[in-house]
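Here is the structure we will look at.
No value in this document is a laboratory result; all are computed from the given coordinates. Keep in mind the model is a prediction, meaning the values are calculated, not measured. Here the Cβ is made from the backbone with ideal geometry for all residues, glycine too, and neighbour counts use every protein chain on show.
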Amino acid sequence: MNLGVLEAQLLRTLGPLLRGGPVLHAGPLVPGAASGLRPEVYVHAQRFDDHGGVTADGAAVAPQPWAQGAQAAGEVQARPAHVTLQLHCVCGAHAQAQSLAALVAAPALLALRTLREATLSDPAEPWLRLVFAEHHAVLAGVESRTLLHEGVVLHVVTLTLRLDGFLHLRLAQPGGLPRRPAYAAATPQMDVVFDPDGPDLAREHVRLTNDTGAALDLGGWTLQDAAARPHRYTFQAPTLLPAGATLRLWTGRGSDGPGDRYWGRRQAVWNNTGDVALLLDPDGVERARFVCEPGRQATIRPRRKQARSR
């Protein structure tokens, strides 16, 4: 993925504004022989993250079908994403580095906010593309430090800029993309305790058991009911489920742990009179379902409740 387009955009904007001033570099901070003798600015697109296609409220973004006439077919998706950029202002004196950072901060924000989109991958085929767009820029942090390079003390003020936007993903090929079959082998077994003894909100939960021989990553997978407006919970990436282990998703509130996740809801989800639980993979493909039928779940009640009823 080419984040260098963002570095190039900043350099094109800052160059005319800082003419005759600091030396501009693209990439991470790597002091050279002349560092400290003349002010320098290193523009580095440090990190890209799309959180596995999961939104801030825990919902997975589903891909949509796309076709290029009769040539190719596949899918498009707009995934929430952010890019972290750092501007390292390097000078021989601390006050000078601070002044340089103050000089470049506003023009850098303006350059990023006026950037319409950044093409991060653009092969010759029109059906393969990654574009970062619909973003806004914020100044996320300022850090000051000193470095010792070849016996010379360098003063560095680092501006951290954050771009929050969307990765527009287009993937297609002649004949279309292959789809993974539902209920594939690498799918956990699912049970739902939908009508527990005692308060429903505090005790109802879903159990996912990995009965395969290898660990499963449930990051980006979604659990939901079959309502017209379903209640959804999406597992954050990564959510590793070791072979033979069980993960419980509790409807109410609590602190997540190795074998427990909490939905954080204020009301129960699963209807005691009958319901359907669906487990969807990150592509939105149904991989497992559990039909909640009254009287069906006697074998999966909490053990202490079983012991007290005997």
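Extending 7 Å from Cα along the Cβ direction at TRP66 and again at SER121 yields two label points whose distance is 1.2 nm.
Region 125-263: percent of C-alpha pairs farther apart than 20 Å?
On the way: 6579 of 9591 pairs.
In whole percent, the share of Cα-Cα pairs in region 125-263 beyond 20 Å is 69.
For VAL131, what is the net charge nearby, where nearby means another residue's Cβ is under 9 Å from its Cβ and Lys, Arg count +1, Asp, Glu -1? Local net charge: 0. Using C-alpha pairs below 8 Å separated by at least 6 residues, the relative contact order for the chain is 15 percent.
Quick one: TRP270, TRP127, fewest Cβ neighbours within 10 Å first, how do they rank?
Values: TRP270 22, TRP127 18.
Fewest-to-most Cβ neighbours within 10 Å comes out as TRP127, TRP270.
Quick one: what do you get for the chain if you divide its Cα Rg by 2.2 N^0.38 Å? Walk me through the intermediate numbers first.
On the way: Rg = 26.1 Å, N = 310, 2.2 N^0.38 = 19.5 Å.
After normalising by residue count via 2.2 N^0.38 Å, the value is 1.34.
Stretched out straight at 0.36 nm per residue, the stretch from SER99 to GLU286 would grow longer than its current Cα-Cα span by 61.7 nm. Largest first, the extents of the alpha carbon coordinates of region 4-173 on the three principal axes equal 62, 35, 28 Å.
Summing charges over neighbours of LEU216, with a neighbour being any other residue whose Cβ is under 12 Å away from its Cβ, gives -2 when K and R count +1 and D and E count -1. Simple rule: put +1 on each Lys or Arg Cβ and -1 on each Asp or Glu Cβ in region 189-300, find the dipole, and look at ALA243, VAL285, PRO199; the Cα lying farthest toward the positive end is PRO199.
Annotation note: chymotrypsin sites (Phe, Trp or Tyr not before Pro) in region 161-251 located in DSSP loop regions with a Cβ neighbour count of at most 12 within 10 Å are TYR183. ALA72 sits among other residues whose Cβ lies under 15 Å from its own Cβ, and their net charge, with Lys and Arg +1 and Asp and Glu -1, is 0.
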